[in-house]
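Below is one structure, written out as structure tokens, with a few remarks after it.
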Amino acid sequence: MWSRLRQIPIEHPLAFGVVISTVKTSASDLLVQKVVEGKKEIDWKRNAAFCTFGCFYLGGVQYAIYVPLFGRLFPNAAAFAAKPLREKIRDVKGLTALCGQVFLDQFVHHPLLYFPVFYGTREMVMSKEPDLMRSLNTYKENMKEDLAALWKVWVPSTFINFAFMPMWARIPWVAGTSLLWTCILSAMRGGDVSHSQDMEAPFPTGATLTLVKEGLDDIFACPVDEEKEMAHLCISGAGPDRIGHVARMARTIADAGGNVTYSKMIRLGQEHVSLMHVSIPPEKRGELIDKLNNNKDLKSLNIRASSLLRRKTGTFENTVAGFKIHCVGEDRTGMLAAIAEAIARRNMSIEDVQTEIRRGNNNTRDFVINAEVVTTYRMDQEDLDSVFAEFQELKKELNLSVVDIRVHM
């Protein structure tokens, strides 16, 4: 029985590749719908459309390229893949043919055929008003980043595929690799509704590679509540900027037994501004305040210390959804006000917001906003779509180059 099953992909490589690619594409879309978008009901019509793409292009067209076409262009490809590694290393013609296959696949097939077809398919499936020219323009804008991201993952994978896989296994290898990529994205970016379209791609793009990098950073980050047994202070100071201000404040706090948890220190013009959350044993609270007030080196900062009270259960509504909003655009008056007003109109609370001015790629003076926002009411897909639509309007109105919204429910 097992031996007969093992012969199926060898005897029917095209049919096997089509089935594997179709199932993989369906599974990838289901992952995005359930894990990333958090849908309660699956959009089977959309899933069927992606299945069709997986069946005809990933399973059919790619098979025609990788097996019959490459088999004719590189007649010894199958024999080279079957050789032991020691013989492969000494086979100059085989290695040259291997590089030729990788070059044609990654530098001709993907840029000129694969990407345009996928962008067009995604546009037809996921846009309410499909526009194929818009999808091609989007690909044109993203081409540099998309190809760079693609090559970082798929060039090594393609070398392994063409060097070691028998001809019948080339399509299953591609399907397995792309499914693994989707699983990683879904696991790391669950709830990232604003990037669900990017995650449908069966290959790395500039957008998805950035998502993975951000996800890796977030894996090791976890906010914590204040310690119950400690006293908590908000310490702020502002004064003429001098080298060593941060070091002196931090050392004074540490020597008094305090621990800096959340902090923001910045130079604004000629002024230094510090804002710190400090936890400290209650019996040492007074000692710390006295040391800060009596430190001659810190007099110019006009330091203030005020007590913070932990939020008590039952005195506030539970947060049910969180948003991370990242916006970048050429600096102009009113950008923060417009974005903060959009957040307030949605009855959402800003927990943390940071802004900065930086030099953009085109030597522009860019204004950057990073906001963490929460809401106390549950939002369905229609509500989320409305939020995204409003920020897309803001993107046009403020001429923003980046609007990135991540949702966690």
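The values are calculated or read from the model by the stated rules, or taken from the named source; none is laboratory data. Quick caveat: nothing in here was measured; it's all calculated off a predicted structure. Glycine gets a Cβ as well: all are built from the backbone with ideal geometry, and neighbour counts include every protein chain shown. With ligands, DNA and RNA removed, areas are computed over all heavy atoms of the protein, side chains included. Shrake-Rupley method; radii C 1.70, N 1.55, O 1.52, S 1.80 Å.
Just to confirm, what accessible area per residue do you get for the stretch 275-409 at 1.4 Å probe, in whole Å²?
On a per-residue basis, 62 Å².
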For the stretch 31-72, compute Rg over Rh where Rg is the Cα radius of gyration and Rh is the Kirkwood radius from the inverse mean 1/r over Cα pairs. 1.25
Diffing the stretch 124-132: the Karplus 3J(HN,Hα) column from phi (6.51, -1.76, 1.60, θ = phi - 60°), in whole Hz with x for Gly and Pro, holds 5, 7, 9, 9, 5, 10, x, 9, 5
Distance between modelled label sites at THR364 and THR96, nm, 7 Å Cα→Cβ extension: 4.9
What would the Debye equation give as log₁₀ I(q)/I(0) for the stretch 253-403 at q = 0.12, 0.17, 0.21 Å⁻¹, counting only Cα atoms as equal point scatterers? -0.74, -1.07, -1.26
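Strictly greater than 29 Å: what percent of every Cα pair in the stretch 1-158 meets that?
On the way: 3765 of 12403 pairs.
Tail of P(r) above 29 Å: 30 percent of Cα pairs.
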For the stretch 1-146, calculate the relative contact order in percent as a whole number, restricting contacts to Cα pairs under 8 Å that are 6 or more residues apart. 18
Given backbone amide H placed at 1.01 Å from N, residues whose amide H is under 5 Å from that of GLU351, ignoring those fewer than 5 places away on the same chain, are GLU372, VAL373, VAL374
Taking a probe of 1.4 Å and leaving out DNA, RNA and ligands, the stretch 60-160 shows per residue an accessible area in Å² of 57
Could you give P(r) for the stretch 81-138, binned at 10 Å from zero, as whole percent values over all Cα-Cα pairs? 21, 29, 19, 16, 13, 2
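Order these peptides, 129-135, 63-69, by their mean beta-carbon neighbour count within 10 angstrom, highest first.
Numbers: 129-135: 12.4, 63-69: 17.9.
Final packing ranking: 63-69, 129-135.
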Once amide H atoms are built 1.01 Å from N in the peptide plane, which residues 5 or more positions from ALA231, or in another chain, come under 5 Å H to H? ILE280
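Which percent of the Cα-Cα distances in the stretch 322-362 go past 13 Å?
On the way: 484 of 820 pairs.
The answer is 59 percent, as a whole percent.
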What percentages, rounded to whole numbers, describe P(r) for the stretch 231-335 computed over all alpha carbon pairs with 10 Å bin width beginning at zero? 13, 36, 25, 21, 5
Once phi for every residue in the stretch 261-274 is put through the Karplus expression 6.51 cos²θ - 1.76 cosθ + 1.60 (θ = phi - 60°), the whole-Hz ³J(HN,Hα) values, with Gly and Pro written as x, are 9, 9, 7, 9, 10, 8, 9, 10, x, 9, 9, 9, 10, 10
What ³J(HN,Hα) values, in whole Hz, does the Karplus curve 6.51 cos²θ - 1.76 cosθ + 1.60 give for the stretch 378-388 when θ = phi - 60°, with x put for Gly and Pro? 6, 10, 8, 4, 5, 5, 5, 4, 5, 4, 4
Sorted by chain and then number, the residues having a modelled amide H within less than 5 Å of the amide H of HIS272, at least 5 places away or on another chain, are GLY239, ASP241
Please report, in cubic angstrom per residue, the volume enclosed by the convex hull of the alpha-carbon atoms of the stretch 1-92. 161
Step through the table entries LYS299/LYS324; LYS45/LYS324; LYS93/LYS152, compare each Cα-Cα distance with 32 Å, and write down the pairs that go over it. LYS299/LYS324
